[in-house]
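Here, each number is a calculation from the coordinates, and none is a lab measurement. Everything quoted here is computed from the prediction, not taken from an experiment. Glycine gets a Cβ as well: all are built from the backbone with ideal geometry, and neighbour counts include every protein chain shown.
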Amino acid sequence: MKVTMFSQVPYRRLPHDFEKKYDSVVTTPWDLVDPEEVHAAFRDSLDEQLFAARSGFDGVAFTEHSQSAYDMAPNPNLLCSALAYATDVEGLNVAIYPVGRSLGKAREPVRVAEEYAMIDAISGGRLIAGFPVGLAYDANINNGVPPIETRARFDENLTLVLKAWQEREPFAWNGKFSQHSAVNIWPRPVQQPRPPVWITGIGNPVTMKFTLENGYGFNYFGWFGYKLTGKRIFDRFWEIADQVGQPRNPYRLSFLHAVCVGDTDADAEREYAPHIAYFFNKGLGSIPLERLALPGGIGLPGLHAILRDPGDFGLYLKMRTATFKEIVDAGCVIVGGPDTVADLLSQVARDFRIGHLVPMLQLGSMPRELALKNVRLFAERVLPRLHRIWADEGWDNYWWPERLGGKRPEYQRPEEARTLERI
Amino acid sequence: MTQTTMTPTERTVKVWNGRITMHFKVIGTGTPLIYLHPAAGLAWDPFLDALSKTHTIYSPEIPGTSSGDPQAIHEVDDLWDLVLIYEEAIRRLDLATPPIAVGQSFGGMLAAELAAHFPNLFAKLVLLDPIGLWRQDAPLANWIAAPPTELPALLFKDPGSPAAQAMLALPDDPDKAVAAQAALIWALGCTGKFVWPIPERGLHKRLHRISVPTLIVWGENDRLNPVVYAQEFGQAIAGSRVETIANCGHIPQVEQTDITLKLVNDFLS
């Protein structure tokens with residue numbers, strides 16, 4: 001199993017009654033902010049990632065969230081390029097994984113292709129390219145994309161990005177959402193014909209099928225509570241894999257999850273509980289439903305399915321007021337001593353055939369020292385056990401940079417992303 | 001739901017080189033009248049029932065909202081496409097005389113666009129709280145992103161009134177309630193394609209082209225689309241008449257049905 005540390009850059013000092021007094025964590029007034037804390041948040045987040053890279057993690061990851069107080073990272077590529085350089089200088093062979101830039105949001109897809117190619121060049125071929133479809137509040141509200149166009153824009157933009165990476169000659173692009181008389185980006189990615197591509201989703205079967213049919217990895221995050229949603233989502237994924245005739249290679253599936261490791265179970269609960277509550281009540285829980293799902297973003301059959309059975313949302317609908325116990329019981333976070341955490345993660349990986357784990361080790365208000373402790377305990381006591389998972393089955397990992405031990409898939413060039421089925 | 005005395009029939013016409021089937025609900029007798037529905041889709045109400053006594057109402061459903069054909073919206077890229085598609089559809093009805101157009105909110109914007117693009121398409125124009133203009137000092141509420149719990153207060157002066165409650169009510173049957181909710185959300189998504197994120201696509205530059213008699217009706221307590229826009233429309237459309245209604249929100253034909261009907265009937269007769 002490959003293990004990649006994931007971080008956000010949260011504002012860690014929201015008022016204690018934030019979730020009661022403020023509308024949301026994606027419309028938070030800037031007046032609340034202490035600028036020194038903003039600087040510290042970025043420094044600490046990058047330091048924690050670099051520490052993970054030095055400690056034996058296989059990769060480092062950030063993602064994209066604009067206009068949000070829970071993650072002040074409108075462009076993960078700025079953070080990832082800093083890590084690409086720093087790890088190159090230190091000779092740390094870790095993957096650099098921007099989980100997004102969302103292509104349903106992007107109005108400049110060629111710029112996305114260029115930025116990813118730059119990270120691959122800076123890191124010497126260690127980029128993992130993440131392309132989420134796009135969160136409603138980010139793609140639609142922050143970036144003005146009509147919700148009903150998010151999918152079509154993702155589809156077209158991904159095709160353009162892949163073509164820009166792979167085409168040898170300059171080409172003209174006459175798209176619905178962008179037009180270019182000539183595309184000939186410099187640099188191209190070091191990894192040819194392209195870096196591994198991962199799509200993050202919350203369980204939409206159309207997205208799952210799309211990743212399986214096109215050879216991309218599928219990343220799922222468990223913040224809604226994997227004990228409520230995991231079986232539904234992962235079983236669905238493997239059933240679709242069977243339907244489209246893809247082998248159940250665990251390396252095509254990734255699980256991004258919040259993890260807190262203490263010296264003992266009791267220590268972990270005591271140390272991390274306030275930060276877990278901050279992350280889930282003030283962060284994720286303070287993103288109202290109407291900002292995660294907007295009319296037009298989900299097609300009519302999907303709407304019928306969700307209105308009849310909202311189970312894929314797990315604990316999310318009551319996250320704002322959920323207690324620590326409810327959060328842990330639902331599996332929104334895995335917390336405990338090293339053995340407890342390693343047991344739980346091993347079981348999840350085995351049960352659901354997960355080949356890539358993306359633990360999030362800094363949550364909400366968690367201070368630097370505690371986050372570094374979490375990284376250290378995870379690296380020393382949990383990571384060795386996780387690394388052994390799947391080693392016995394001999395699967396090739398086509399979703400990992402070749403330089404870092406991944407296997408290069410055979411592509412037909414130039415590769416065209418297939419059109420997404422409309423949902 | 002609202003009681004109706006008659007059931008509309010359906011008429012379809014193929015447009016857009018055969019790629020789109022436009023569905024019209026048709027009811028009534030008399031002079032032809034095109035009713036253009038709001039963002040939430042076509043809902044039959046007592047106002048339309050009353051109009052159908054003296055007019056034949058043809059009400060087109062925006063592509064994507066007709067039963068069994070949700071993908072049709074993906075054939076329409078932008079407002080310019082939509083205006084051409086509606087003109088084509090209305091032309092293909094082969095009406096004996098140019099119809100009257102009545103449009104509410106989103107439908108009001110569409111009616112104004114059609115009348116501005118095609119000055120001979122309609123005989124008269126009635127705009128009920130139309131969207132389509134934007135002033136920085138009077139921003140429209142974003143009804144698509146609003147929490148469902150806040151919608152009634154955006155739409156009605158008195159969300160508790162029987163007329164408002166009747167419009168907002170969901171069917172008792174759980175399956176039908178799911179279908180109604182899904183249809184409403186999808187309709188907001190389909191119409192949102194042409195007005196997201198700001199419901200202004202340059203209509204202010206085109207309103208002067210409208211040359212037919214025009215009545216503009218506005219609820220004085222419209223919290224979604226403030227009444228200041230009534231005068232903006234009135235000044236931009238030469239010879240138009242502006243009527244505002246007291247104790248009335250965004251949907252005058254539902255919240256103040258009798259007053260709205262009288263204004264419209266007087267104008268049309």
Rounded to the nearest 5, the percent of antiparallel DSSP beta bridges in region A:2-404 equals 10 percent
Taking K and R as +1 and D and E as -1, what net charge do the other residues with C-beta under 13 Å from the C-beta of A:Gly406 add up to?
+4
So how much slack lies between B:Leu170 and B:Thr149, counting 0.36 nm per residue of separation and subtracting their Cα-Cα distance, in nm?
6.2 nm
Hey, got the Cα dimensions of region A:98-170 along the principal axes, in Å, largest first?
36, 25, 13
With R₀ set to 51 angstrom, the calculated FRET efficiency between the beta-carbons of A:Asp309 and A:Glu393, to the nearest 0.05, is 0.95
Computed for region A:2-404: size of charge dipole around the Cα centre, +1 on C-beta of each Lys and Arg, -1 on C-beta of each Asp and Glu, debye to nearest 20, value 620 debye
Dipole-positive endmost among A:Val112, A:Leu357, A:Gln166 within chain A (Cβ charges, Cα centre)
A:Gln166
Once you place label points 7 Å from the Cα toward the Cβ at B:Asp137 and B:Glu88, how far apart are they in nm?
4.3 nm
Which order results if B:Leu110, A:Leu50 are arranged by neighbouring Cβ count within 10 Å, fewest first?
A:Leu50, B:Leu110
In whole angstrom, the spacing between the Cα centers of region A:1-40 and region B:10-80 equals 47 Å
Chain B, relative contact order [Cα under 8 Å, separation at least 6], %:
20 percent
Given charges at beta-carbon only (K, R positive; D, E negative), |dipole| of region B:9-268 in Debye:
680 debye
Give the dimensionless ratio obtained when the Cα radius of gyration of region A:2-404 is divided by 2.2 N^0.38 Å.
0.93
Rg and Dmax of region B:9-268, using alpha carbons, in Å: what are they?
17.0, 50
Kindly give the semi-axes, whole Å and largest first, of the ellipsoid equivalent to the protein assembly as shown, taking each as the square root of 5 times a Cα gyration tensor eigenvalue.
51, 27, 22
If you plug each phi of region A:191-196 into the Karplus form 6.51 cos²θ - 1.76 cosθ + 1.60 with θ = phi - 60°, what whole-Hz ³J(HN,Hα) values come out, in order, with x for Gly and Pro?
6, 10, x, 6, x, x
Taking alpha-carbon centroids only, region B:132-188 lies from region A:307-367 a number of Å equal to 35 Å
Principal axes of region A:300-355: Cα extent on each, largest first, Å
44, 31, 12
All-pairs Cα distance distribution in region B:211-269, expressed in whole percent, bin size 5 Å:
4, 21, 27, 25, 18, 5, 0
Restricting to bridges with both residues inside the protein assembly as shown, how much of the DSSP beta-bridge set is antiparallel, in percent to the nearest 5?
25 percent
Given charges at Cβ of Lys, Arg, Asp, Glu: region A:215-335 dipole, positive-most of A:Ala241, A:Gly299, A:Ala258:
A:Gly299
Run the quick spin-label model on B:Thr56 and A:His39: label points 7 Å from Cα toward the beta carbon, then report their separation in nm to one decimal.
7.6 nm
Greater than 32 Å apart at Cα, pairs in A:Lys105/B:Lys124; A:Lys209/B:Lys25; A:Lys176/A:Lys227; A:Lys318/B:Lys176; A:Lys231/B:Lys176; A:Lys20/A:Lys105
A:Lys105/B:Lys124; A:Lys209/B:Lys25; A:Lys176/A:Lys227
Mean other chain Cβ within 10 Å across B:61-69 is 1
For region B:9-268, with +1 on Lys and Arg beta carbons and -1 on Asp and Glu, the positive-most of B:Thr31, B:Leu51, B:Thr149 along the dipole
B:Thr31
Compute the label zone of A:Val89 within region A:7-44: residues whose backbone N is under 17 Å from the point 7 Å along Cα-to-Cβ.
A:43-44
Given the rule -39500 (n - 2.57) for each run of at least 4 DSSP H residues, summed and divided by the residues of chain A, what is its mean residue ellipticity at 222 nm, to the nearest 500 deg cm²/dmol?
-11500 deg cm²/dmol
Region A:179-262, relative contact order [Cα under 8 Å, separation at least 6], %
29 percent
Please list the non-local residues whose amide H lies under 5 Å from the amide H of B:Ile245, H modeled 1.01 Å from N, same-chain partners needing a gap of 5 or more.
B:Trp218, B:Gly219, B:Glu220
What is the spin-label model distance, in nm, from B:Ser161 to B:Gln235 if the labels are put 7 Å beyond Cα along the C-beta direction?
2.9 nm
Return, for the Cα atoms of region A:150-276, the radius of gyration and Dmax in Å, separated by a comma.
19.6, 62
Taking just the alpha-carbon atoms of region A:25-89, what radius of gyration and Dmax come out, in angstrom?
13.2, 39
Could you give the length gained by full extension between A:Leu78 and A:Asp17, i.e. 0.36 nm per residue of separation minus their alpha carbon distance, to one decimal place?
18.8 nm
To the nearest 20 debye, the protein assembly as shown has a Cα-centred charge dipole, built from +1 on Lys and Arg Cβ and -1 on Asp and Glu Cβ, of 940 debye
CD proxy at 222 nm, helix term only [per DSSP H run n ≥ 4: -39500 (n - 2.57); per residue of chain B; nearest 500]
-9500 deg cm²/dmol
Using a Förster distance of 45 angstrom, determine the FRET efficiency expected from the C-beta separation of A:Ala172 and A:Glu326, and round it to 0.05.
0.25
One can check that the equivalent ellipsoid of region A:9-133, built from the alpha-carbon gyration tensor with semi-axes equal to the square roots of five times its eigenvalues, has lengths in Å, largest first, of 28, 19, 11
Aspartates and glutamates whose Cα lies under 15 Å from that of B:Lys53, excluding same-chain neighbours fewer than 8 positions away
B:Asp45, B:Asp258, B:Asp266
